[in-house]
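For reference, the structure is listed below as structure tokens.
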Amino acid sequence: MTTLPIRVYYEDTDVSGVVYHANYLRYFERARTEWLRGLGLGQERLMAELGVAFTVAGMEIDFRLPARLDDALQVRSEVVQVRRASLVFEQTLVRPPETAVLTRARVRVGCVDAKRFRPMALPAELQAAIAAAQEPPAAPV
């Protein structure tokens, strides 16, 4: 699991000072992008070197509690399913130190050929990086 800190700015909110619903999608998108970057496989590198891009194929989102102006939040992202040509993420938005989930999303992203925009298998390099990131750290001896 990875965590991305997010600050709520005035531009993120509606007239009542609550985060406008579409902006949660931006937060989740940023977190997935930083997750890839943390694997050493940023979006630009994936397109330029491996010829792949990702597209959101499906999303389920639950808005539970409001995020408000100037909140310091965390987006937690975890890959819960790896398929031949797609990944499924569970993403949650929390306001530390509270543990209550403000918003939860289940996001399926498809791997596509960056030029033809047709589905393609996840590159072996990406599969290996995901597998390594999901392995628990070795116990100290």
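Restriction of the trypsin sites (Lys or Arg not before Pro) in segment 1-76 to DSSP coil positions whose beta-carbon has at most 15 other beta-carbons within 10 angstrom yields R64. Relative to its Kirkwood radius, the Cα radius of gyration of the chain gives an Rg/Rh of 1.01.
Under the definition of Cα pairs under 8 Å and six or more residues apart, what whole-number percent is the relative contact order of the chain?
Working: 244 pairs, mean separation 36.6, N = 141.
For the chain, the relative contact order is 26 percent.
Distance between the modelled labels on Q74 and T33, one decimal in nanometres: 2.2 nm (7 Å Cα→Cβ projection).
Restricting the GluC sites (Glu not before Pro) of segment 57-141 to loop positions (DSSP other than H, G, I, E, B) with no more than 10 neighbouring Cβ atoms within 10 Å leaves E98.
Any idea how far apart F63 and E11 come out in nm if each label point goes 7 Å out from Cα toward Cβ? In this crude label model, F63 to E11 measures out at 2.1 nm.
Bear in mind these aren't lab numbers, they're just calculated from the coordinates by the rules spelled out. Nothing here was measured: the structure is a model prediction, and the numbers come from that model. All Cβ positions, even for glycine, are placed from backbone atoms using ideal geometry, and neighbour counts span all protein chains on display.
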